[in-house]
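Enquirer: Okay, handing you the structure first.
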Amino acid sequence: MRLGDERESSNFEDVTGQSGLGGGGFGGGGLGCLLPLIASRFGIGGVIVLVIGYFLLSSLGGLGGGGTSGVAPATQQSASSGQSRLDPNTRHFMLQVLASTEDVWGKLLNGRYTPTTLVAYSEAYQSGCGAAQSAMGPFYCPTDKKIYLDTEFFDELSRRFQAPGDFAQAYVIAHEVGHHVQDLTGTLGQAEQLQAKSSQTQGNEIQVKIELQADCYAGVWAANAKTPEGQPVMEAGDFQEGMRAAEAIGDDTLQRETQGKVVPDSFTHGTSAQRMNALQTGYQSGDPAACKSL
Ligand SMILES: [Zn+2]
């Protein structure tokens with residue numbers, strides 16, 4: 001990617017130096033998180049996050065060995081100093097990508113776009129939707145309209161999912177911003193209403209649609225992203241990086257890896273083919289209207 005002199009977004013909170021859980025947690029009473037109905041009915045897996053299924057499946061299935069991020073961060077009081085643990089290059093990159101999403105969606109929504117805030121945390125943090133833990137993967141919380149991301153995830157993406165590259169990382173951020181766009185346009189609220197009167201299987205289908213639209217929106221952003229000098233941000237090979245990431249985190253691929261079998265009814269993010277297709281649709285059209293809705 002070529003972000004050039006793109007500004008840094010100021011809609012950013014770096015809390016990597018103040019990890020810790022103040023109690024609570026997803027699934028608790030009064031959960032106001034993204035699609036709270038599925039979140040509360042189906043447990044944590046119903047919350048819209050990019051790759052939550054993988055981490056949960058691997059930790060619940062006892063297959064999570066070898067991971068470096070761990071699943072019990074609350075006990076690791078490693079950063080009470082308050083000092084940022086964020087790599088300056090990663091920080092700069094994330095803030096440029098975030099600024100670029102603000103530029104693009106500001107135009108696409110004709111000024112009706114209000115930015116989301118990106119919260120970089122380390123290991124664990126209290127989000128507006130309950131406890132954020134790095135094992136959950138990045139997610140968007142509609143209650144406080146913030147994206148929560150442990151940048152360790154970028155390493156996971158590269159090592160565990162074999163999807164390295166700057167656009168693979170940008171795709172993660174743009175996907176979460178896509179959920180914010182869905183929030184602003186009312187799609188999330190609509191999905192929630194539909195899910196309230198759905199079976200679990202139907203609820204999962206709605207969730208998959210939401211995820212695929214967010215993937216598509218990530219592609220729309222990429223297609224429209226320009227440097228301040230007017231150059232496309234995307235360079236040769238970038239799109240393939242995103243496609244590799246989309247493939248690696250499809251439900252079927254993840255389930256096959258962690259369970260040895262595919263259970264379509266439990267899909268919440270879409271298959272690898274669906275996710276790749278959604279990203280491609282957004283990228284080729286550059287038009288949010290081309291992204292399938294509910
Ligand atoms: Zn998502």
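Enquirer: How long is the range 138-204 along each principal axis, judged by its Cα atoms, biggest number first, in Å?
Expert: 40, 26, 17
Enquirer: Would you work out the Kirkwood radius for the range 174-248? I mean one over the mean of 1/r across all pairs of different Cα atoms, in Å.
Expert: 13.9
Enquirer: Carbon and sulfur: what percent of the range 148-197's accessible surface (1.4 Å probe)?
Expert: Exposed carbon and sulfur together represent 42 percent of the surface.
Enquirer: What is the distance, in nm, between label points placed 7 Å from the Cα along the Cα-to-Cβ direction at residue 185 and at residue 144?
Expert: Distance between label points: 2.7 nm.
Enquirer: Separate question: How big is the shadow of the Cα convex hull of the range 151-294, averaged over all directions, in nm²?
Expert: About 9.0 nm², averaged over all directions.
Enquirer: Which GluC sites (Glu not before Pro) from the range 198-294 combine a DSSP loop assignment with at most 11 other Cβ atoms within 10 Å?
Expert: Answer by residue number: 229.
Enquirer: If each of residue 90 and residue 273 carries a label point 7 Å out from its Cα toward its Cβ, how far apart are those two points in nm?
Expert: 3.5
Enquirer: Largest first and in whole Å, give the semi-axes of the range 94-200's equivalent ellipsoid, each being the square root of 5 times a Cα gyration tensor eigenvalue.
Expert: 23, 19, 13
Enquirer: Show me the trypsin sites (Lys or Arg not before Pro) within the range 204-290 that DSSP assigns to loop and that have at most 11 other Cβ atoms within 10 Å of their Cβ.
Expert: When the trypsin sites (Lys or Arg not before Pro) of the range 204-290 are filtered for loop state and at most 11 Cβ neighbours within 10 Å, 261 remain.
Enquirer: Under a 1.4 Å probe, what is the accessible area of the range 70-190 per residue, stated in Å²?
Expert: Each residue of the range 70-190 exposes 36 Å² on average to a 1.4 Å probe.
Enquirer: If you don't mind, another one. Within the range 86-106, find all residues whose amide N lies under 12 Å from a label point positioned 7 Å from the Cα of residue 227 along Cα-to-beta-carbon.
Expert: Output list for this probe position: empty.
Enquirer: Here is a follow-up. Mind giving me the nanometre distance, one decimal, between the label points for residue 18 and residue 293, set 7 Å out from Cα along Cα→Cβ?
Expert: About 3.9 nm, to one decimal.
Enquirer: Oh, and also: Would you mind checking 107/226; 145/197; 146/226 for any pair whose Cα atoms are more than 22 angstrom apart?
Expert: 145/197; 146/226
Enquirer: Run down the aspartates and glutamates and flag those whose C-alpha is under 20 Å from the C-alpha of residue 209, throwing out any fewer than 8 positions away in its chain.
Expert: 176, 183, 192, 247, 251, 252, 265, 287
Enquirer: May I ask you to give the solvent-accessible area per residue for the range 216-294, in square angstrom, as obtained with a 1.4 angstrom probe?
Expert: That works out to 44 Å² for each residue.
The values are calculated or read from the model by the stated rules, or taken from the named source; none is laboratory data. The shown structure was predicted, so the numbers you read here are calculated from the model rather than taken from an experiment. Here Cβ is always computed from backbone atoms with ideal geometry, including for glycine, and neighbour counts include all displayed protein chains. Heads up: the accessible areas ignore ligands, DNA and RNA and are worked out on the full protein's heavy atoms, side chains in. Shrake-Rupley method; radii C 1.70, N 1.55, O 1.52, S 1.80 Å.
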